[in-house]
1. Take the residues of the stretch 256-290 that are of a type in the set (A, V, I, L, M, F, W, C) and more than 20 Å from the chain's Cα centre (by Cα): which is farthest from residue 348 (Cα to Cα)?
2. With the checklist (1) polar (S, T, N, Q); (2) crowded, with 21+ Cβ neighbours inside 10 Å; (3) in contact with a Cys (Cβ under 8 Å, 6 or more places away or on another chain) in hand, flag the one item residue 366 doesn't pass.
3. Please pick out the residue among 19, 7, 15 that is part of a helix (DSSP H, G or I), surrounded by fewer than 15 Cβ atoms within 10 Å (Cβ to Cβ) and either of a type outside the set (Ser, Thr, Tyr) or not assigned by TED's automatic domain parsing to the domain that holds residue 277 (or both).
4. Looking at the stretch 298-333, which of the residues that are under 21 Å from residue 220 (Cα atoms) and in contact with a helix residue (DSSP H, G or I) (Cβ under 9 Å, 6 or more places away or on another chain) is surrounded by the most Cβ atoms within 10 Å (Cβ to Cβ)?
5. Among the residues of the stretch 155-175, is any modelled with pLDDT of 95 or more, under 23 Å from residue 288 (Cβ atoms) and part of a loop (DSSP other than H, G, I, E, B)?
6. Hey, could you check the stretch 22-50 for residues that are in contact (Cβ under 8 Å) with a residue 12 or more places away in the chain and in a loop (DSSP other than H, G, I, E, B) and say which is surrounded by the fewest Cβ atoms within 10 Å (Cβ to Cβ)?
7. Looking at the stretch 143-173, which of its residues are in contact (Cβ under 8 Å) with a residue 40 or more places away in the chain, surrounded by fewer than 24 Cβ atoms within 10 Å (Cβ to Cβ) and more than 15 Å from residue 190 (Cβ to Cβ)?
Amino acid sequence: MSATLTERALAGDAEAQYELGRQHAARQEWSRARRHLRAAAESGHAGAVTELALFALFGIGMPPDFAAALEQLARAEKLGSGEAAYQLALLGWCGVLVPRDLATMAQRIRTAAERDFAPALRAAALIYRRRGDDARADACLARAAALGDPIGTYLHALRRRALGAADADAAMKLAAARSVRRAGTADAPPAPFDAAGPELAPLDLSPIALASPQPHHGDPLVETIDGVYTAEECEYMIALGEPYLLRSMTLHDERAELVASDVRRSSDHSFYTFQEDFALCWLQERMLAHLGLPISQAEPLVLLRYMPSEEYKPHRDYLPPSAPGNTKRPNEPGQRVHTVFSYLADVDDGGETEFPLLGVRIEPKQGRVVHFINLLPNGEPDPRTLHAGLPVRAGTKWLATLWTRERRYRDY
């Protein structure tokens with residue numbers, strides 16, 4: 001830790017106080033981090049106010065304090081923090097801590113993007129693309145890549161490749177150098193490039209029109225919707241979670257703990273709290289749209305990967321009595337009602353989802369969403385929903401899965 005930085009901080013340099021606070025936070029020295037960040041915040045440092053807000057929101061080194069977090073985020077937004085505007089927009093999806101107002105959320109994402117906050121730029125890119133504005137989408141990705149954002153760099157490289165651009169390989173090597181696994185490897189990191197901030201237009205967060213559900217079984221309901229996600233959106237979800245994949249676990253039937261089991265052979269990652277992302281919530285909204293359910297009733301999105309020979313043997317998604325929160329109490333989320341998942345890639349061979357008691361087998365197809373209901377009309381678990389992820393024989397199977405509960409599961 002630089003003595004010069006410490007001396008500057010002690011002399012009242014707000015930027016030095018902010019950097020020193022971040023260094024202490026990286027070492028999990030929370031009290032020291034907060035002390036320096038508070039000093040910088042008193043001088044009106046937007047970044048320091050934002051950091052303190054995130055500490056309070058996520059309970060980092062302290063109990064969560066939502067009221068303090070919201071007050072600090074609002075202050076930081078006024079001070080010019082793109083991250084604060086982004087975080088307030090993100091909280092709007094659940095509509096618990098911040099009112100769910102799509103127009104306000106859209107304006108905040110635009111503001112955050114204009115302030116060069118990279119996650120806002122890549123979110124804006126996906127939203128513009130889905131609305132047919134390729135020029136602005138490309139400009140947002142280029143700017144995110146120029147700022148050093150790994151996922152923005154990868155999406156920019158994919159787009160350059162799709163356009164047949166001469167710099168596509170260099171862009172992909174840059175994504176690899178920034179630790180995006182799907183970009184492959186780079187022997188030597190290429191030089192980064194520059195791109196000016198794009199001219200942004202209003203963002204449209206209204207629901208995306210989808211095809212009608214295709215029923216595969218009526219009672220219990222099993223249905224699919226094709227074309228819910230584009231290839232770019234699928235790649236986004238994979239790239240965002242792939243670095244964090246771990247062996248999948250299952251909930252023990254009698255104890256509230258996760259255990260490894262030969263029943264389930266795959267890798268997964270759950271996007272919890274501070275790993276949540278505005279674009280990811282925008283995509284989750286689409287998965288739940290035809291159910292009319294808010295994100296607040298869904299468990300965190302789970303990314304799953306099945307390699308050749310991996311599978312999930314016949315199982316049911318409803319929870320055992322030992323599962324945390326699976327009670328009838330109105331302040332707890334209760335049982336799992338809906339299973340909704342999307343195939344994020346085509347599979348070369350195998351990997352179908354089978355319902356053996358219903359005679360239903362669904363083929364993986366990129367962008368296809370599968371939905372079924374786990375409970376009987378009286379709210380009791382429906383054993384007929386037994387299903388399996390059949391073995392992958394060739395290729396890789398990628399899924400994004402949401403399970404909804406009877407009542408609210410999350411605040412953000």
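The values are calculated or read from the model by the stated rules, or taken from the named source; none is laboratory data. These figures come from a predicted structure and were not determined experimentally. Note that we place each Cβ from the backbone using ideal geometry, even for glycine, and neighbour counts take in every protein chain shown.
1. The selected residue is 256.
2. If we test residue 366 against (1) polar (S, T, N, Q); (2) crowded, with 21+ Cβ neighbours inside 10 Å; (3) in contact with a Cys (Cβ under 8 Å, 6 or more places away or on another chain), just (2) comes out false.
3. Sole residue among the options that is part of a helix (DSSP H, G or I), surrounded by fewer than 15 Cβ atoms within 10 Å (Cβ to Cβ) and either of a type outside the set (Ser, Thr, Tyr) or not assigned by TED's automatic domain parsing to the domain that holds residue 277 (or both): 7.
4. 298
5. No, there is no match, as no residue in the stretch 155-175 is modelled with pLDDT of 95 or more, under 23 Å from residue 288 (Cβ atoms) and part of a loop (DSSP other than H, G, I, E, B).
6. 28
7. Across the stretch 143-173, the qualifying residues are 151, 158, 159.
So that you can scan it fast, the table gives a plain yes or no per residue for (1) among the basic types (Lys, Arg); (2) in contact with a helix residue (DSSP H, G or I) (Cβ under 7 Å, 6 or more places away or on another chain); (3) closer than 13 Å to residue 159 by Cβ:
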| residue | (1), (2), (3) |
| --- | --- |
| 101 | no, no, no |
| 113 | no, yes, no |
| 144 | no, yes, yes |
| 149 | no, yes, no |
